[in-house]
1. If you roll a 1.4 Å probe over the heavy atoms of the protein chains, what accessible area per residue do you get for the chain, in Å²?
2. Please give the peptides 120-129, 42-51 ranked by average Cβ packing (other Cβ atoms within 10 Å per residue), highest first, as a rough proxy for protection.
3. On a full-extension model of 0.36 nm per residue, what is the gain between E30 and K122, subtracting their alpha-carbon distance, rounded to one decimal in nm?
4. Please compute the Cα-Cα pair-distance distribution of the chain with 5 Å bins starting at 0, giving whole percents from short to long.
5. So, with a 1.4 angstrom probe, what is the percent of accessible area on the range 1-105 that is carbon and sulfur?
6. Starting with the highest mean, order 78-86, 163-171 by the number of other Cβ atoms within 10 Å, averaged over the residues of each peptide.
7. Tally up the carbon and sulfur contribution to the accessible surface of the range 129-172 as a whole percent, 1.4 Å probe, everything protein left in place.
8. Give, in nm to one decimal, the length gained when the segment between H19 and E104 is fully stretched (0.36 nm per residue of separation minus the Cα-Cα distance).
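The values are calculated or read from the model by the stated rules, or taken from the named source; none is laboratory data. Everything quoted here is computed from the prediction, not taken from an experiment. Don't worry about glycine lacking a Cβ; one is built from the backbone with ideal geometry, like all the others, and counts go over all protein chains shown. The protein model used for the area step is the full one, side chains on, heavy atoms only, and it has no ligands, DNA or RNA in it. Shrake-Rupley method; radii C 1.70, N 1.55, O 1.52, S 1.80 Å.
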Amino acid sequence: MIKSYLITTRPSFIQLKKHRPAFALYRDKETTEYSFHAQNFVQMCKNIPNLKAFLHQDYKLADTLNASGVHLTSLQFDEIRKAKDLGLEVIISCHTKEEVKKAEELGADYVTYSPIFDTPNKGAPKGIKDLKELVGSTSLQVFALGGIITEKHVQEVEKSGAFGFASIRYFR
């Protein structure tokens, strides 16, 4: 069964209960009160069985708040080991097969690979064929990301052999 990864800037208990993702990420690049909202998000997630709560970029905050892990950007490869040393699970954003290989070598647990489908301002989509090739070439758990907004997209990702899919718009 494919895993779902909900990415949100405004987490709500209703949204989490409705969609029942296996993973959830609080990512808000604009708030000045990220740590306050992150604390509420992690607590909210703890009330939903089998939901892993991830925070964006800040592995120290993720550790302090007892989140399941941290989702690092493609500019944070040097922080994988630091987060792992704290016992956190690590997801890192990757956009090339070389980045995925680097993430694997550095000990990440998961990668998001994007964009799979057409997504505003994210460049040309990689497509399902490329995703399938990537999944077959790495031991990492791969979340497809980018343009996944319909059940048909989810089914295509599942057929690729990917561990899961990550999305913002699918969960609205």
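1. Numbers: 8940 Å² over 172 residues.
I get 52 Å² per residue for the chain.
2. Details: 120-129: 12.3, 42-51: 14.3.
My ranking of the peptides, most packed first, is 42-51, 120-129.
3. Extra length from E30 to K122 when fully extended: 31.2 nm.
4. Final binned percentages: 1, 9, 19, 21, 22, 16, 9, 2, 0.
5. Carbon with sulfur: 47 percent of the solvent-accessible area.
6. Values: 78-86: 16.6, 163-171: 20.7.
Ranked from most to least packed, the peptides come out as 163-171, 78-86.
7. Values: 1090 of 2200 Å².
Summing carbon and sulfur atoms, their accessible area is 50 percent of the total for the range 129-172.
8. Working: separation 85, 0.36 × 85 = 30.60 nm, distance 2.94 nm.
Length gained between H19 and E104: 27.7 nm.
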